[in-house]
Ligand SMILES: Cc1cc2nc3c(=O)[nH]c(=O)nc-3n(C[C@H](O)[C@H](O)[C@H](O)COP(=O)(O)OP(=O)(O)OC[C@H]3O[C@@H](n4cnc5c(N)ncnc54)[C@H](O)[C@@H]3O)c2cc1C
């Protein structure tokens, strides 16, 4: 088989890249199909994040691109996010940020006391109702796999198995002009072509639940999140762990997530766990993606480092990578592999 582009990994990055290259380059995608961050993520798109309610400077343009790309694929769901303040300090920080000019357009309403937005929620410090969205990422993966058909190869690529000559690369009888590594957090493991970059992978867990909790048409957010999927189905997460990476869920985190979910509501709620998932976010030290070509092995490209907010970053990152790969366009310096601190110190 001969193709223009071999994509390693069919998570969010690999799926969107494959869709983006359609009609412009022939391709094959390799993925073992054994779980990834994309399947665990709730795909939330939240403007103000973290304890300090940070607004990424690029957020408005990233959001516009994400809405367009994911909307065209039928997986983008605009909806409000209710960020319940955890304590008085967080409330003060949230109020300050909501007032700032760049953040204000994303804040729909501030509440000052419990039950003001919804009498069923346990929000003693009030909260901020923000314009957000979520993306149905499992659906994106499934539909992309079906669309790829035989171009999706169920296997795992080791960097050492790829040989290179003047015309391109070869892997198990497949010839490609270029290979794009969309392999998520595994790119940070020793022995990979890009393992010297400044990675900071972080594991997280999530639960799929059936619950009699009051239905919500907004995402609930406090030290984690709960997304109501309708019909009593919920997905709730998450946590951060840096020393136990991979895709294995732990009982301890499962219990914590259940307790946190119950804490969002004023009355006791039932919660039957239907699935417990874990994945590892491909985070980078400066919270920016890695996009670009290997400096020495120039047939090899990287599209990775989407971190905890892949839904926001991936559509734009894919555009930049595709323009560089197909047209030789420059990668914005802030995301290039040559930036500081792109490499480990
Ligand atoms: C618990 C949790 C919650 C999250 N919540 C959100 C959220 O609400 N909103 C948001 O925007 N983001 C969220 N994220 C982050 C988001 O999941 C990631 O940014 C994004 O999914 C990363 O996509 P990716 O394609 O780079 O990696 P992945 O989805 O991990 O995909 C990488 C793929 O590469 C394959 N692969 C790896 N090595 C090889 C190889 N050698 N050969 C072949 N295939 C290989 C893997 O099998 C995998 O399928 C969350 C992540 C986690 C873990």
Report task. Report, as a whole number in µm² per second, the diffusion coefficient that Stokes-Einstein gives for the stretch 202-281 at 10 °C and 1.306 mPa s using the Kirkwood radius over alpha carbon pairs. Result -> 125
Query raised in the report: Taking the Cβ-Cβ separation of residue 296 and residue 116 as r and a Förster radius of 45 Å, what is the calculated FRET efficiency to the nearest 0.05?
Result: 0.15
Requested in this report: Work out how much length residue 1 to residue 26 would gain on full extension: take 0.36 nm times their residue separation and subtract the Cα-Cα distance, in nm to one decimal.
Outcome: 7.9 nm
Query raised in the report: For the chain, what is the percent of antiparallel DSSP beta bridges, rounded to the nearest 5?
Result: 75
Query raised in the report: What angle, in degrees between 0 and 90 and rounded to the nearest 10, separates the Cα long axis of helix 310-327 from the longest principal axis of the Cα atoms of the chain?
Result: 20
Query - Taking the convex hull of Cα positions in the chain, its mean projected area over all directions (nm²) - result: 17.4
Report summary line: Reduced to Cα centres, the span from the stretch 79-93 to the stretch 101-150 in Å works out to 13
Report summary line: Expected max-MSF residue from 52, 293, 39 in the GNM of the chain (alpha carbon, under 10 Å) is 52
Query - Within a Gaussian network of the chain (alpha carbon springs, distance under 10 Å), most fluctuating of 49, 238, 280 - result: 49
Requested in this report: Over the stretch 218-278, calculate the relative contact order: mean separation of alpha carbon pairs under 8 Å at least 6 apart, over the residue count, as a percent.
Outcome: 27
Query raised in the report: Can you give the calculated 222 nm mean residue ellipticity of the chain, where each DSSP H run of n ≥ 4 adds -39,500 (n - 2.57) and the sum is split over every residue, rounded to the nearest 500 deg cm²/dmol?
Result: -7500 deg cm²/dmol
Query raised in the report: Say each of residue 334 and residue 285 gets a label point 7 Å from the Cα, pointing the same way as Cα to Cβ; how far apart are those two points in nm?
Result: 1.9
Query raised in the report: Taking the alpha-carbon centroid of each part, what is the distance from the stretch 281-296 to the stretch 46-77 in angstrom?
Result: 19
Report summary line: A chain fully extended from residue 165 to residue 79 at 0.36 nm per residue, minus the present Cα-Cα distance, gains in nm 26.0 nm
Report task. Kindly express, to the nearest 10 degrees and within the range 0 to 90, the angle between helix 59-72's C-alpha long axis and the longest C-alpha principal axis of the chain. Result -> 70
Report task. Using a 10 angstrom cutoff on alpha carbons, build the Gaussian network for the chain and name the most mobile of 162, 153, 331. Result -> 162
Report summary line: Computed over the chain, the relative contact order (Cα-Cα under 8 Å, seq sep at least six) in percent reads 23
Query raised in the report: Once both axes come from the Cα atoms, what is the angle between helix 137-148 and the longest principal axis of the chain, in degrees from 0 to 90, rounded to 10?
Result: 30
Query raised in the report: Expressed in nm to one decimal, what extension gain is obtained for the pair residue 252 and residue 104 from 0.36 nm per residue of sequence separation less their Cα-Cα distance?
Result: 49.5 nm
Requested in this report: Would you mind classifying the stretch 22-71 by shape? Square roots of the alpha carbon gyration tensor eigenvalues, ordered a ≥ b ≥ c; an a/c under 1.5 is rounded, otherwise it is prolate if a/b is larger than b/c and oblate if not.
Outcome: oblate
Requested in this report: Please give, to one decimal in nm, the separation of the simple spin-label points placed at residue 131 and residue 68, each 7 Å out from Cα toward the Cβ.
Outcome: 1.7
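Read the figures in this text as sums done on the coordinates, not as results from a lab. Just so it is clear, the model here is predicted, and its values are computed rather than measured. Neighbour counts are summed over all protein chains in view; Cβ atoms, including those assigned to glycine, are modelled from backbone coordinates with ideal geometry.
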